[in-house]
Amino acid sequence: MTNDSGLPWSAIVEPDREREFQLRKMRLHESLVEALNLKFAAGADEGASRRMFRDAVISLINRTLPGEPMSYLERMARELIDEAEGLGPLECLIRDDSITDVLVNNPQEVYVERRGVLERTPVVFADASHLLKVAQRLTARVGRRVDESNPMVDARLADGSRLNVTIPPLAIDGATISIRRFPKHPFTLSQLVERGSLTAEMAAFLEAATVSRLSFLISGGTGTGKTTLLNALAGAVPHDERIITVEDSAELRLCHPHVVRMESRMPNTEGLGSVGLRELVRNALRMRPDRLLVGEVRGAEAIDMLQAMNTGHEGSFSTIHANDARESLTRLEMMIAMGGFELPLSVIRAYIVAGIRLIIQLARWKGGARRIVRISEVVGLRNGEIHVEDVFRYQPAVSGEAGGGFQTTGHIPACIERIRGFGFDFPDEDFRPPV
């Protein structure tokens, strides 16, 4: 068994043998730390200290592991160095660019997501203490602390990855680590077409709608590709426009020359200094944005986002966790109502209809494929209810996903006149349903 980076998975055969390897490594590491008077921590920048440590690793291995095969010795040397300078057993996973999620459930269970599919790895930790040390090292890298008084940390790593750590007593079976990684180079709409996430016709429609300053809501469950699509759509924003992004944890990586990124802040250990999404959205509106991108709307900031969409900041986007277009609108209504705003439901719905023009629904299928399953237009209010019409939809085969395809529904979007006004040619025939 190997990983894409060719790192030590091939050396891992059985869980018991792997635990023994990790325990042996930890004993050797403790001997090295004691001998060199080095602290067990990452980030030693001094070149001399690193060279001394690496020389000591080779010397110790040659002295204490006689008779072991060369592959074993090479792996031990590499992992001892990773233990001092990196993330121990997780280092081989972090180096693998094909992995999007690293999920540590306990010392003996480490999962990854690769190309949309979860798989258990043979990576294990020596024991609960070993896992806790790696978790503490990760949080220390971002200037945070995890301990009994602060047993849960949510943060962003230097490379933009999202980090969540929990330790006992919250995590019953030992510390947990969740790392959500993002591609170094965001996907474009054309690349998403190549991956089967949508058709070229759908991409052309969305690109035209973006240029035409229609506001979108991107809806879907966890891991369906909402952030990926938001990145791709932002790439279609004209380069003479100013974009301001507001996020809880900065994940967006826009391919655009004029972007200002803002991120919320958690309270300090005294419970002070927090800055929430609502404060950031209101502040962003004072910064002369042409477009406002809210990474994920989840609370009272929904009303501020809608106000922005209705007061000269058309063409703004956000994402929301929901299973379909109507559910996403219901969630928006609930967020505003629960935010303490004394607004009649009719007013809330009028705000939504005036602000949001398109809802893009995403889903993840068995096997890891992520695709747009619906592009819907918010048509207006009918009998006090928000009326939504599908423009494009994905139609699975009768037996399941395989053999399905994207279809137009026959609904000619009302917003098409605006799109045509920006110079795009979309005849009504483009939206006719297949015969």
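Restrict the check to the range 405-414 and report whether at least one residue is out of contact with any helix residue (DSSP H, G or I) (no Cβ under 8 Å at 6 or more places or on another chain) and hydroxyl-bearing (Ser, Thr, Tyr). Show your work before the answer.
First, pick out the residues of the range 405-414 that are out of contact with any helix residue (DSSP H, G or I) (no Cβ under 8 Å at 6 or more places or on another chain): 405, 407, 414.
Subsequent filtering for residues that are hydroxyl-bearing (Ser, Thr, Tyr) retains none.
No, there is no match, as no residue in the range 405-414 is out of contact with any helix residue (DSSP H, G or I) (no Cβ under 8 Å at 6 or more places or on another chain) and hydroxyl-bearing (Ser, Thr, Tyr).
Restricting the range 113-140 to residues that are of a type in the set (Val, Ile, Thr) and under 24 Å from the mean Cα position of the chain (by Cα), the residue that is surrounded by the most Cβ atoms within 10 Å (Cβ to Cβ) is Val123.
Return the only residue of Ala354, Ala302 being small (Gly, Ala, Ser) and buried (at least 23 other Cβ atoms within 10 Å of the Cβ).
On the way: Ala354 fails: buried (at least 23 other Cβ atoms within 10 Å of the Cβ).
Testing whether each residue is small (Gly, Ala, Ser) and buried (at least 23 other Cβ atoms within 10 Å of the Cβ) leaves just Ala302.
A Cβ distance below 7 Å, combined with a sequence gap of six or more or placement on separate chains, defines the contacts here; from the range 370-398, residues that are under 18 Å from Phe426 (Cα atoms) reach residues that are among the basic types (Lys, Arg) and not in a strand (DSSP E or B) in the pairs Glu377/Arg357.
Only one of the listed residues (Thr245, Thr224) is touching a residue at least 40 places away in the same chain (Cβ under 8 Å) and assigned to a loop (DSSP other than H, G, I, E, B). That residue is Thr224.
Here is a list: Ile386, Ile412. Which entry is over 15 Å from Gly196 (Cα atoms) and assigned to a loop (DSSP other than H, G, I, E, B)?
On the way: Ile386 fails: assigned to a loop (DSSP other than H, G, I, E, B).
Every option except Ile412 fails the conditions.
A single member of Val102, Val110 is touching a helix residue (DSSP H, G or I) at 6+ places or on another chain (Cβ under 7 Å) and part of a strand (DSSP E or B), and it is Val102. Just name the residue that is surrounded by the most Cβ atoms within 10 Å (Cβ to Cβ) out of those in the range 159-170 that are of a type in the set (A, V, I, L, M) and under 16 Å from Val102 (Cβ atoms). Selected residue: Val165.
If we scan the range 349-363, do we find a residue that is of a type in the set (D, E, K, R) and more than 21 Å from the chain's Cα centre (by Cα)? Within the range 349-363, one or more residues are of a type in the set (D, E, K, R) and more than 21 Å from the chain's Cα centre (by Cα). Evaluated against (1) modelled with pLDDT under 90; (2) assigned to a strand (DSSP E or B), Val391 falls short on exactly one condition, (1).
Suppose we filter Ile412, Ile359, Ile386, Ile375 for residues that are crowded, with 17+ Cβ neighbours inside 10 Å, over 23 Å from Leu332 (Cβ atoms), modelled with pLDDT of 95 or more and assigned by TED's automatic domain parsing to the domain that holds Met202; which single one remains? Walk me through it before giving the result.
Working: Ile359 fails: over 23 Å from Leu332 (Cβ atoms); Ile386 fails: over 23 Å from Leu332 (Cβ atoms); Ile375 fails: over 23 Å from Leu332 (Cβ atoms).
That would be Ile412, the only listed residue that is crowded, with 17+ Cβ neighbours inside 10 Å, over 23 Å from Leu332 (Cβ atoms), modelled with pLDDT of 95 or more and assigned by TED's automatic domain parsing to the domain that holds Met202.
Can you pull out the residues in the range 131-173 that are assigned to a helix (DSSP H, G or I), out of contact with any helix residue (DSSP H, G or I) (no Cβ under 6 Å at 6 or more places or on another chain) and not small (Gly, Ala, Ser)? Steps first, please.
As a first pass, look at the range 131-173 and keep what is assigned to a helix (DSSP H, G or I): 131-141.
Keeping just the survivors that are out of contact with any helix residue (DSSP H, G or I) (no Cβ under 6 Å at 6 or more places or on another chain) gives 131-133, 135-141.
Leu131, Leu132, Lys133, Gln136, Arg137, Leu138, Thr139, Arg141, listed by residue number.
Taking the condition of being part of a strand (DSSP E or B) and touching a residue at least 40 places away in the same chain (Cβ under 8 Å), how many residues in the range 256-274 meet it?
Narrowing the range 256-274 to residues part of a strand (DSSP E or B): 259-263, 265.
Now narrow it down to the ones that are touching a residue at least 40 places away in the same chain (Cβ under 8 Å): 263.
Residues in the range 256-274 being part of a strand (DSSP E or B) and touching a residue at least 40 places away in the same chain (Cβ under 8 Å): 1 in total.
Given Gly223, Gly174, Gly196, Gly143, which one is surrounded by fewer than 21 Cβ atoms within 10 Å (Cβ to Cβ) and not assigned by TED's automatic domain parsing to the domain that holds Tyr394? Can you show your working first?
Working: Gly223 fails: not assigned by TED's automatic domain parsing to the domain that holds Tyr394; Gly174 fails: surrounded by fewer than 21 Cβ atoms within 10 Å (Cβ to Cβ); Gly196 fails: not assigned by TED's automatic domain parsing to the domain that holds Tyr394.
Unique residue meeting the criteria: Gly143.
All of Leu277, Leu306, Leu285 fail the test of being touching a residue at least 24 places away in the same chain (Cβ under 8 Å), in the same structural domain as Ser215 (by TED's automatic domain parsing) and under 21 Å from the mean Cα position of the chain (by Cα), apart from Leu277.
For the range 109-124, the tally of residues that are at pLDDT below 90 and more than 16 Å from Arg364 (Cα to Cα) stands at 3. Every residue in the range 142-161 that is more than 12 Å from Ile179 (Cβ to Cβ) and among the polar types (S, T, N, Q), please. Correct list: Ser149, Asn150. Residue count for the range 254-293 under the criterion of being among the hydroxyl-bearing types (Ser, Thr, Tyr), surrounded by fewer than 13 Cβ atoms within 10 Å (Cβ to Cβ) and modelled with pLDDT of 90 or more: the result is 0.
The values are calculated or read from the model by the stated rules, or taken from the named source; none is laboratory data. Since the structure is predicted, the reported quantities are computational estimates derived from the model, not experimental observations. Ideal geometry is used to build each Cβ from the backbone, glycine not excepted, and the neighbour counts take in all protein chains shown.
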